[in-house]
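Engineer: This is the structure I have questions about; it appears just below.
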Amino acid sequence: MNHAAEYTPDEIMTIAAARKFRDRATCFVGVGLPSIAACLARQLHAPDIVLVYESGAIGARPAKPPLSIADEELAETADFIVSVPEIFSYWLQGGRIDIGFLGAAQIDRFANLNSTVIGRYDSPKVRMPGAGGAPQITTGAREIVVVLRQTTRSFVSELDFLTTARCKGPTTVITDLGILETHPATAELTLTSRHPGIDVDQIREATAWPLKVSDSLRETDPPTDLELSTLRELQ
Amino acid sequence: MAKVTTLKDAIAEFVHDGDLVAAEGFSHLVPFAAGHEIIRQQRRDLTLVRLSADLICDQMIGMGCVRKLVFSWAGNPGLGLLHRFRDAVEKGWPVPLELEEHNHAGLTVAFTAGAARLPFGILRGYTETDLVNHTSGVRAIECPFTGEKIAAVRAVNPDVAIIHAQRADTQGNVQLWGIIGIQKEAVLAAKTAIVTVEEICDRLEPVANSVILPSWVLAAVVHAPRGALPSYAHGYYTRDNDFYREWDSIARDRDRFKEWMAQNVLQCVPA
């Protein structure tokens with residue numbers, strides 16, 4: 001069965017993010033797309049993943065993606081619950097998290113993030129929620145996955161505000177067009193995979209800086225029937 | 001010893017214009033009933049401290065109670081932006097809102113230092129971001145043992161902390177459990193503390209993971225059943241997610257917001 005036209009850009013983005021959850025890894029996730037991807041991964045290839053929420057729920061097993069990071073289901077299904085001071089100090093800063101999953105409004109070529117304002121801080125065009133736990137996640141987690149749609153408004157040459165400094169470890173950015181990874185030597189984001197039906201020029205045009213493309217550029221595996229049907233049942 | 005009293009009397013006695021007020025509860029046990037009483041009593045010029053500034057902040061800001069917000073995230077959880085907060089920041093309505101902005105980990109160590117009566121808390125990260133240019137309470141310091149640069153965050157010691165909990169006993173000892181957030185630290189950092197509870201019982205039965213706040217660290221305990229709605233109280237009622245969705249359209253428009261607050265907060269007399 002050919003799925004070329006049968007999934008949306010958001011669906012392949014979510015499915016590509018779900019594939020980044022390694023089984024048994026400890027993963028710090030927020031609400032929204034990262035949490036949907038986490039639920040998908042747990043139902044498919046990563047049943048023993050350890051989901052950690054900043055509300056202090058560790059080892060939560062939500063059947064459906066929660067609306068807030070502190071939903072009752074997270075508390076009820078967690079292996080244990082810790083306080084907010086403990087989650088940030090012992091678990092994140094203490095280096096117990098393998099992968100942190102984040103969203104953002106803007107990203108630059110080194111995977112620094114903005115989730116604070118569009119425009120100037122003192123007279124913003126759009127005032128957004130701000131940092132939350134993200135800066136401590138990039139500081140404490142070994143590896144980061146960022147999920148956001150790719151346009152020249154989000155992939156900017158200069159952030160309007162630096163909310164969250166990049167992770168010292170590897171960062172993967174998953175978009176609706178492809179996958180970018182930080183280069184091990186230069187830390188610059190490099191396009192390593194394009195989604196089926198998307199060409200490289202299209203991805204370059206959606207990026208405000210001159211985008212580096214890997215010599216071994218891959219094509220993302222299209223969503224399988226199982227991935228798509230499981231995702232749709234979750235939503 | 002805490003006095004077991006009414007919501008009206010507790011807010012009247014312990015929350016004053018110009019106070020530094022911490023309202024905590026991390027999406028769970030959000031002290032909505034107490035926030036609504038502050039709105040009804042028309043407190044002004046408050047500095048409100050809250051990690052996850054969500055709907056209760058949006059309501060207090062939109063009703064003109066708040067001069068300054070100390071926070072680390074402001075939004076409608078899982079749904080998007082806060083319209084009353086945005087209107088105050090972007091257009092100064094109904095009054096201009098001053099911001100002292102942190103990230104969660106930074107404001108967390110400010111509370112833990114405050115609870116320990118230390119001058120500042122420390123953490124890694126933070127200093128590499130633009131936030132430090134907009135917050136007076138963060139400085140880089142050098143570790144005296146290794147020379148490592150770390151961030152120091154000035155302690156926060158609120159005039160009053162307000163939280164909601166599952167239950168208290170008749171002596172005013174308080175018990176809360178489930179997602180316990182940063183309520184214990186907020187209460188111990190503050191000069192006075194008000195706790196609203198779902199029920200008052202003869203004695204507190206042990207519950208796994210529960211936090212106990214003894215009566216002698218609290219100023220007032222108030223029986224306020226369903227006082228965390230539309231957030232939830234673990235073991236009592238679930239989160240009203242539909243209301244959180246509805247809030248987006250209520251808060252989008254100034255008139256609709258004022259009408260909603262008039263009908264659902266101002267004209268309601270607490271039990």
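The values are calculated or read from the model by the stated rules, or taken from the named source; none is laboratory data. Bear in mind the structure is a predicted one, so any value in this text is a computation, not a measurement. When we count neighbours, we look across all protein chains shown, and the Cβ atoms used for this are built from the backbone with ideal geometry, even at glycine.
Engineer: Restricting the search to segment B:226-254, which residues are more than 10 Å from every other protein chain (Cβ to nearest Cβ), outside any loop (DSSP other than H, G, I, E, B) and of a type in the set (A, V, I, L, M)?
Structural biologist: If the condition is that a residue be more than 10 Å from every other protein chain (Cβ to nearest Cβ), outside any loop (DSSP other than H, G, I, E, B) and of a type in the set (A, V, I, L, M), then B:I250, B:A251 are the ones that fit.
Engineer: Considering (1) on the phi > 0 side of the Ramachandran plot; (2) more than 16 Å from the chain's Cα centre (by Cα), say which one A:H45 fails and leave the rest.
Structural biologist: All conditions are met except number (1).
Engineer: If the requirement is being closer than 30 Å to A:D108 by Cβ and touching a residue at least 12 places away in the same chain (Cβ under 8 Å), which of these qualifies: B:V160, B:V138?
Structural biologist: After applying the criteria, what remains is B:V138.
Engineer: Return the pairs, sorted by first residue and then second, in which the second residue is part of a helix (DSSP H, G or I) and not hydroxyl-bearing (S, T, Y), the first residue lies in segment B:118-133 and is more than 8 Å from chain A (Cβ to nearest Cβ), the beta carbons are less than 6 Å apart, and the residues are 6+ apart or on different chains.
Structural biologist: B:F120/B:A113; B:G121/B:V109; B:G121/B:A110; B:G121/B:A113
Engineer: Restricting to segment B:76-110, and then to whatever is out of contact with any strand residue (DSSP E or B) (no Cβ under 8 Å at 6 or more places or on another chain) and closer than 28 Å to A:S89 by Cβ, can you tell me which residue is modelled with the lowest pLDDT?
Structural biologist: The extreme case among them is B:G78.
Engineer: Which of the residues belonging to segment A:56-81 are more than 8 Å from chain B (Cβ to nearest Cβ) and in contact with a strand residue (DSSP E or B) (Cβ under 7 Å, 6 or more places away or on another chain)?
Structural biologist: A:I58, A:G59, A:A60, A:T77, A:A78, A:D79
Engineer: Just a yes or no: is a residue in segment B:168-180 within 20 Å of A:S89 (Cβ to Cβ) and in contact with a strand residue (DSSP E or B) (Cβ under 9 Å, 6 or more places away or on another chain)?
Structural biologist: From segment B:168-180, those within 20 Å of A:S89 (Cβ to Cβ) are B:179-180; that's our starting set.
Subset that is in contact with a strand residue (DSSP E or B) (Cβ under 9 Å, 6 or more places away or on another chain): B:179-180.
Yes, segment B:168-180 has at least one match.
Engineer: Can you find a residue in segment B:74-87 that is more than 16 Å from B:E37 (Cβ to Cβ), of a type in the set (F, W, Y) and assigned to a strand (DSSP E or B)?
Structural biologist: Checked segment B:74-87: no residue is more than 16 Å from B:E37 (Cβ to Cβ), of a type in the set (F, W, Y) and assigned to a strand (DSSP E or B).
Engineer: How many residues, within segment A:50-77, are in a loop (DSSP other than H, G, I, E, B), more than 14 Å from A:S35 (Cβ to Cβ) and at pLDDT below 90?
Structural biologist: Summing the residues that are in a loop (DSSP other than H, G, I, E, B), more than 14 Å from A:S35 (Cβ to Cβ) and at pLDDT below 90 in segment A:50-77 gives 0.
Engineer: Quick check: is even one residue across segment B:41-48 within 14 Å of chain A (Cβ to nearest Cβ) and assigned to a strand (DSSP E or B)?
Structural biologist: Scanning segment B:41-48 turns up no residue that is within 14 Å of chain A (Cβ to nearest Cβ) and assigned to a strand (DSSP E or B).
Engineer: Hey, among B:A271, B:A208, which residue is more than 20 Å from the chain's Cα centre (by Cα), under 28 Å from A:F80 (Cβ atoms) and either of a type outside the set (G, A, S) or at pLDDT below 95 (or both)?
Structural biologist: Going through B:A271, B:A208 in turn, just one is more than 20 Å from the chain's Cα centre (by Cα), under 28 Å from A:F80 (Cβ atoms) and either of a type outside the set (G, A, S) or at pLDDT below 95 (or both): B:A208.
Engineer: State yes or no: is B:A161 among the hydrophobic types (A, V, I, L, M, F, W, C) and either surrounded by fewer than 18 Cβ atoms within 10 Å (Cβ to Cβ) or within 12 Å of chain A (Cβ to nearest Cβ) (or both)? It would help to see each step written out before you state the result.
Structural biologist: On the way: among the hydrophobic types (A, V, I, L, M, F, W, C): yes; either surrounded by fewer than 18 Cβ atoms within 10 Å (Cβ to Cβ) or within 12 Å of chain A (Cβ to nearest Cβ) (or both): no.
Criteria not met by B:A161.
Engineer: On the basis of being in contact with a Ser or Thr (Cβ under 9 Å, 6 or more places away or on another chain) and either closer than 30 Å to A:L113 by Cα or among the aromatic types (F, W, Y) (or both), does B:R154 make the cut?
Structural biologist: Yes.
Engineer: If you don't mind, another one. Please give the strands (runs of 3 or more DSSP E) falling wholly within segment A:152-235 in which 1 or more residues are under 19 Å from the mean Cα position of the chain (by Cα) and either touching a residue at least 24 places away in the same chain (Cβ under 8 Å) or surrounded by fewer than 20 Cβ atoms within 10 Å (Cβ to Cβ) (or both).
Structural biologist: Result: A:171-174, A:178-182, A:189-194.
Engineer: Picking from B:V153, B:V109, B:V95, which residue would you name as being crowded, with 18+ Cβ neighbours inside 10 Å and more than 9 Å from chain A (Cβ to nearest Cβ)?
Structural biologist: After ruling out the rest, the residue left standing is B:V153.
Engineer: Starting from residues that are touching an Asp or Glu at 6+ places or on another chain (Cβ under 9 Å) and hydrophobic (A, V, I, L, M, F, W, C), keep the ones in segment B:117-160 and report whichever is nearest to B:V15 (Cα to Cα).
Structural biologist: If we take residues in segment B:117-160 being touching an Asp or Glu at 6+ places or on another chain (Cβ under 9 Å) and hydrophobic (A, V, I, L, M, F, W, C), then B:V160 is nearest to B:V15 (Cα to Cα).
Engineer: Could you say whether any residue in segment B:188-200 is closer than 30 Å to B:I141 by Cβ, assigned to a loop (DSSP other than H, G, I, E, B) and in the same structural domain as B:P31 (by TED's automatic domain parsing)?
Structural biologist: Yes, segment B:188-200 has at least one match.
Engineer: Give the residues of segment B:172-191 that are more than 11 Å from chain A (Cβ to nearest Cβ) and of a type in the set (S, T, N, Q), sorted by residue number.
Structural biologist: Residues satisfying the conditions are B:N173, B:Q175.
Engineer: Now for a different question. Mind listing just one residue for me: the one in segment A:25-40 that is modelled with pLDDT of 95 or more and over 13 Å from the mean Cα position of the chain (by Cα) and, of those, farthest from the other protein chains (Cβ to nearest Cβ)?
Structural biologist: Here the answer is A:A25.
Engineer: Can you confirm whether segment A:78-97 contains a residue that is in a loop (DSSP other than H, G, I, E, B), under 17 Å from the mean Cα position of the chain (by Cα) and of a type in the set (S, T, N, Q)?
Structural biologist: Scanning segment A:78-97 turns up no residue that is in a loop (DSSP other than H, G, I, E, B), under 17 Å from the mean Cα position of the chain (by Cα) and of a type in the set (S, T, N, Q).
Engineer: Related question: Go through (1) surrounded by 24 or more Cβ atoms within 10 Å (Cβ to Cβ); (2) more than 11 Å from chain A (Cβ to nearest Cβ); (3) without any contact (Cβ under 8 Å) to a residue 24 or more places away in the chain one by one and return the number of the condition B:A74 breaks.
Structural biologist: (2)
Engineer: Can you name the residue in segment A:94-148 that is hydroxyl-bearing (S, T, Y) and under 30 Å from A:D23 (Cβ atoms) and, of all such residues, is nearest to the other protein chains (Cβ to nearest Cβ)?
Structural biologist: Filtering segment A:94-148 for residues that are hydroxyl-bearing (S, T, Y) and under 30 Å from A:D23 (Cβ atoms), the one nearest to the other protein chains (Cβ to nearest Cβ) comes out as A:T139.
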